[in-house]
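The values are calculated or read from the model by the stated rules, or taken from the named source; none is laboratory data. Being a predicted model, the structure only gives us computed values, none of them experimental. FYI the Cβ positions are ideal-geometry reconstructions off the backbone, even for glycines, and counts take in every protein chain you see.
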Amino acid sequence: MAGIELDQMDLKILRELQNDGRMTNVELAERVGISAPPCLRRVRKLEEAGIIEGYHAMLNNSKLGYDLVAFCMVGLKHQSEVNLKAFAAATEKWPIVRQAWMVSGESDFLLHCLAENLTAFQTSSSRF
């Protein structure tokens with residue numbers, strides 16, 4: 001890790017924030033066993049170093065009407081850099097694709113997809 005060395009306290013902070021990114025600094029400090037001011041300094045240092053990139057909300061997909069979660073492995077006929085980049089860019093426009101990862105092995109991409117149901121998934125995924 002270039003530029004910053006993480007100690008055990010930093011790793012504890014990161015672990016706690018991964019579990020609950022909305023807790024207050026005071027609660028975080030209590031959980032990791034230090035006082036609030038040095039805890040806040042450490043969190044800011046981790047943010048400034050780019051180790052913490054942001055905070056996100058976890059959504060209940062079912063309550064939003066998305067009852068189907070699918071992980072789709074996609075293989076491209078041609079794996080040129082242009083084709084890989086074009087496919088990655090295209091996935092950003094597909095409404096059912098929530099995340100796309102380029103992978104190695106038999107497949108080229110792993111897509112995390114959400115749909116209302118199987119019919120909606122099949123209809124949407126047939127356009128890939």
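The residue pairs whose first member lies in the stretch 52-78 and is in the same structural domain as residue 109 (by TED's automatic domain parsing) and farther than 11 Å from residue 114 by Cα, whose second member is among the charged types (D, E, K, R) and at pLDDT 95 or above, and whose beta carbons are closer than 6 Å, counting only pairs six or more residues apart or on different chains, are 75/108; 76/108. Contact annotation: residue pairs with Cβ atoms under 8 Å, 6 or more positions apart or on different chains, pairing a residue in the stretch 81-106 that is within 23 Å of residue 58 (Cα to Cα) with a partner that is of a type in the set (S, T, N, Q) and in a helix (DSSP H, G or I), are 94/124; 95/124; 96/124; 96/125; 97/91; 100/91.
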